[in-house]
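No value in this document is a laboratory result; all are computed from the given coordinates. Model, not experiment: these values are computed from the prediction. Here Cβ is always computed from backbone atoms with ideal geometry, including for glycine, and neighbour counts include all displayed protein chains.
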Amino acid sequence: MDIEREILETDILIVGAGPAGLATAYKLATTIAADDSLEMPEVIVMEKASYVGGHALSGAVMDPRGLAELIPDYKEKGAPIEAEVSGDSFYYLTRGGSFKFPFMPPPVQNHGNEIISLNKLSGWLAEQVEAAGIDIFAGLAGYDLIVEDGAVTGVQTVDMGRDKDGSPRSNFEPGSVIRAKVTILCEGVRGSLTRMAFEKIPELIADSVPQAYLTGVKEVWEVPAGRIKAGEVIHTIGWPQPSHEYGGAWIYGMSDTMVSIGLAVGLNSPDPTNDPHMKFQRYKTHPLVKKILDGGTLLHYGAKAIPDNGYYSMPKLTYPGLMLCGDSAGMLNPARLKGVHLAIKGGIMAAETLVDCIRAGDFSGQRLAAYQERFDKSWAREELYNNRNFHAGFDGGLFAGLFHGAVQMVTSGNGLFERREHKPDHTYVLKIDEYRNRFGHDPEKQTVKFDNKYLFDKVTDVYKSGTMHEEHQPSHLQIADYDICNNRCTEEYGNPCQHFCPASVYNMVDDENREGKQKLELTPSNCVHCKTCDIADPYNIIRWVTPQGGEGPNYTNM
Ligand code: SF4
C-alpha cells in the first residue's frame, strides 16, 4: 500500500533525549544564544518514551565531570543529585559468605562521584533544554533511517494505529518523514536506527570489534532506616555468577532509606539458560544483601542492556548527514561501568561541531568529521583508550580478568595483549550437547521460589516498571523464522529466549497442533525495551523494532 507521508524539514534532528541528546541540544542552544552573530537553527529532539526519562535507567553513580562541563552551576540550578558518594566498598561473594577487599581497585573508586536517578536527571536536563529554546517531542519514535545518495537525510517515524496483522485501523496515522541536514543518533544501547545505520553504512563499524553487552537488572527499594547510608556504594563480584561469566552487582544508598540495587550479567555466557533476572533474584538471597533489603518494599523495577566493550567497539562517529553519540556510539568505560559523563561530553563535542557548521553554513560530511577529531583529542577518548582492553581481559574468566585488569592499570590500558577480538555475544552461547561436553553436565538453571514480597517473578517486576503497550499493533519483536524457534532451537539450545528476557515476553507453551510439542508465544506488551533479545538470540533471528511512540516502560526514580 502506498502511503502518503507528511514531510517535515528541519536543520538538526536529535534522536533520543537521554544524556547525550540532551547535552547536544543544551550546548547548541546556549552557545548560539551567547553569540549574536548566530541564528538558532531548526532543531527537533525526538524521544520514544512517553516523557523524557521514561526509558532512562542506570545504576547510577555518575562521574560529574561531563555535567560540570556542560552546566558548571548544575547544583545551584537544582540538578537532582540523590547523594554525594560517602563511602565505597568492594566484595567478592561466595554462596553464603563474603570477602571485603582491603583496598578499592582504582576503577571502582567513587570518591567525588554522585548517586543519581538517570531518569530524574534526564527530566531535569530536558527542562534546561526547553528553557534554552529547543522543544522536545516525547512519544515520537523513529522507525527507519533514511539514507540516500551516500548521506543520511532523516528519519521516518512509526505509524500509529495499525492492527496486529499490520492493517490500518480507523485511527491509523502514518508516520512522518523528518528530513534533516544532520541526524544525531543518541538512542541509547542497541538503538534500532543505530543498528540500521550499521547495516546500511557498514563502513561505520568496519574497523570496530563487535560490541559486548551485559544485561543489567535493577530494583529500587525503600528500606528501614539504619540499613544503608545516603551515598554508600557497595560493589560485588562472584556469586551468584560462575567465575567463567562476566558481570557484577551494585548496591547504592540513594538516601538513608532508598536503595538502588542491581546485577549486570554478560551476554557472552556459554549457558543457554542464562537468566539475568533470576540471577538477580538469587543475589537478593545472599546474607550481605538480605540484611539491607529485608523488611523493605520494592518500589521500581527495570532492565537494560549495557554496551560494554569500550573503545575498540566504538563506530566511526560521523558520516555525511549523521553523527553518533552516547551509548549508540559505545561511549561507556567498561572498567568503571560508567557512561553518563562520556555521553554528556560526546554531546558537548557534537554541539560544538554543529555550531561550527552553522557558522560556516556548511553541514557537509567533511565538516561533521571535525566531531571525530574533537573526540580523538578529548579526555573522553583518553579515558576510554586507557581502559580499551578491560572487558576482553575477562575472556578467560573472573580471576584471569582481575589479573589482566591489574596489569592494564600499570600499562595505560595495554595489558598483556592488545585489541583481542570479540565475537558477537550470541555466538558464545553453547548448544546443550556442547555445554555438556564442556562442563560435564546439562545446563541447570539455579532458581528461587518467588514470594512476590521479597523475591519477584518477572511479570510482577514488570508491573513495577510501569510498562504499557497498545495490544493492537504489530509485534515489535520480529521473529524471522518461527520454525527455528519451535523445532531446531528447542532441540539445540532449549529456547534461551524464555530465560534471557527479563520481562517474560518469550514463553514456550503447549502446541495444540502437535502433541507433546511446544511453540513460542510472545507477550510484547511486557517488553521493557532492554534489547537483550536483539543481542542474545543464538540464531540472530529476533529483531527489536520500535513499537508506537510513547510506549514501553515508564521509569520513575531509576
Ligand atoms: Fe528485553 Fe527483548 Fe524481553 Fe523486550 S522482549 S524485555 S527487549 S529481552
TODO: Could you tally the net charge around Cys325, taking each other residue with its Cβ under 10 Å from the Cβ of Cys325, Lys/Arg +1 and Asp/Glu -1?
DONE: -1
- [ ] Could you please report the charge total around Met558, scoring K, R as +1 and D, E as -1 over all other residues with beta-carbon less than 11 angstrom from its beta-carbon?
- [x] +3
Task: Over 25 Å (Cα to Cα) - which of Lys120/Lys464; Lys120/Lys181; Lys304/Lys464; Lys304/Lys377; Lys100/Lys291; Lys120/Lys291 fall in this group - done: Lys120/Lys181; Lys304/Lys377; Lys120/Lys291
Task: Expected-Rg normalisation [2.2 N^0.38 Å, Cα atoms] applied to segment 202-344 - done: 1.19
Open item on the list: Using helices alone, I'd like the mean residue ellipticity at 222 nm for the chain: each DSSP H run of four-plus residues gives -39500 (n - 2.57), total over residue count, nearest 500.
Closed with: -6500 deg cm²/dmol
Open item on the list: Please compute the contact order of the chain in relative form: average sequence separation of alpha-carbon pairs under 8 Å and at least six residues apart, divided by the residue count, as a percent.
Closed with: 20 percent
Task: Value of relative contact order over segment 55-191, rounded to a whole percent, pairs C-alpha under 8 Å and six or more apart - done: 19 percent
TODO: For the chain, return all DSSP H helices satisfying: extent of Cα atoms along own axis at least 24 Å; mean Kyte-Doolittle hydropathy at least 0.0.
DONE: 340-360
- [ ] Show me 514-524, 108-118 ranked by packing, highest mean number of other Cβ atoms within 10 Å first.
- [x] 108-118, 514-524
Open item on the list: Need one number: % antiparallel among DSSP beta bridges in the chain, to the nearest 5.
Closed with: 70 percent
- [ ] Could you list, in their original order, any pairs among Lys27/Lys229; Lys316/Lys338; Lys338/Lys458 whose Cα atoms are separated by more than 30 Å?
- [x] Lys27/Lys229
- [ ] Can you bin segment 1-72 into rounded, prolate or oblate? Criterion: square roots of the alpha carbon gyration tensor eigenvalues sorted a ≥ b ≥ c, rounded for a/c under 1.5, prolate for a/b above b/c, oblate for the rest.
- [x] oblate
Open item on the list: Above 13 Å lies some portion of the pair distances; for segment 476-522, what is it as a whole percent of all C-alpha pairs?
Closed with: 55 percent
- [ ] Arrange the following residues from fewest to most other Cβ atoms within 10 Å of their Cβ: Lys164, Lys284.
- [x] Lys164, Lys284
Task: Amide hydrogen neighbours beyond the local backbone of Ile14, cut-off 5 Å, H modeled - done: Ile44, Val45, Met46, Ile184
Task: Ascending count of other beta-carbon atoms within 10 Å, so fewest first, for Met104, Met278 - done: Met104, Met278
TODO: Would you mind computing Rg(Cα) / (2.2 N^0.38 Å) for the chain, counting N as its residues?
DONE: 0.94
Task: Over segment 428-544: Rg over Rh, Cα atoms, Kirkwood Rh - done: 0.98
- [ ] Show the residues, 5+ positions off or on another chain, whose built amide H is closer than 5 Å to the amide H of Gly552.
- [x] Met468, His469
TODO: Sum up the charges of everything whose Cβ sits under 9 Å from the Cβ of Val217, counting Lys and Arg as +1 and Asp and Glu as -1, but leave Val217 out.
DONE: +1
